[in-house]
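**Q** Before we start, here is the structure in question, set down as structure tokens.
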Amino acid sequence: MIAAVVVVLLVAGTTGVLLAGRHNPAPRPSPAAVHTPSSAPTSSPSQSPLPSDTPGSGLGTTPFSDPDGYFTASYTTTPTKDARSITVQGRDIPYVQWGDQVDLTVAEIVAYANYPPEVATDTPNAVLQGSIQGIATAIKGTILTKSFGTFQGFTSADAIISVPPPAGSTSPGFLEARVILAGHTLFELAVTGLENPPTLFAALAASLTILKHSP
């Protein structure tokens, strides 16, 4: 079980908290919401390749609209808000996370942070790479697969990260993440679980719609 895991996202200077939970089977996502790889996923031959979002049908069971109008998504249960101010290059930046803990080993999270105009975002793959690496470092995990591409026209990256087993257990967990750089807004989507890939990721990713972002 990975109930004791607390995942701290360190994404190009942003910080959020992901709590672990458990899962139900995920429905098939709609093709319009798929992360489209720009090149082949990077993974070692002995590891599972990054899965496509194409298997499944339908979305989560609890539609949610961000009150500030940044995104809509469908969770398994009603998400709760974690808002804070984080520091990037000496500047305070609002960070908002909406997540639900489905059970002891699965959580579903969508979060976003707005960078000020003076923070450079003209090398999006570097920002996203820093995001993925930050997640892995924070949980002392191992990046199993990683793929850069686009999501709703924005540069994105998908990754699966192994989560070390907690004390007294020999069973690892997994976190699947999608990070999206839309102008000066960084969106994070992550799901934890015991399966590789976490079962609920596809449905949450398929339901996400970005409504606005900082230019």
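The values are calculated or read from the model by the stated rules, or taken from the named source; none is laboratory data. Note that the structure is a prediction, hence the values are computed from the model and not measured. Here the Cβ positions follow ideal geometry from the backbone for every residue, glycine too, while neighbour counts run over all protein chains shown. Only protein heavy atoms, including side chains, enter the accessible area calculation; ligands, DNA and RNA are left aside. Shrake-Rupley method; radii C 1.70, N 1.55, O 1.52, S 1.80 Å.
**Q** Over the residues of segment 111-215, compute the C-alpha Rg and express it relative to 2.2 N^0.38 Å.
**A** 1.12
**Q** Oh, and also: By per-residue mean of other Cβ atoms within 10 Å, what is the highest-first order of 173-179, 112-118, 100-106?
**A** Highest-to-lowest ranking by the protection proxy: 173-179, 100-106, 112-118.
**Q** Pull up all non-local amide H partners of H184: gap of 5 or more, or a different chain, and H-to-H distance under 5 Å with H placed in the peptide plane.
**A** So H184 has HN proximity to S214.
**Q** Let me ask another. Between T78 and K140, what length comes free when the chain is fully extended (0.36 nm per residue of separation minus the Cα-Cα distance, one decimal in nm)?
**A** Full-extension gain reported as 19.4 nm.
**Q** Here is a follow-up. Find the Cα radius of gyration of segment 116-157, compare it with 2.2 N^0.38 Å by division, and give the number to two decimals.
**A** My calculation over the Cα atoms of segment 116-157 gives 1.30.
**Q** What figure, in Å² to the nearest 10, do you get for the accessible area of H184 with a 1.4 Å probe and non-protein molecules left out?
**A** 30 Å²
**Q** To the nearest 0.05, how large is the calculated FRET efficiency for S214 and D103 if R₀ is 35 Å and r is the Cβ-Cβ distance?
**A** The computed FRET efficiency comes out at 0.50.
**Q** Now, a different point. At 7 Å along the Cα-to-beta-carbon direction for both E118 and S85, put a label point, then send me their distance in nm to one decimal.
**A** 1.6 nm
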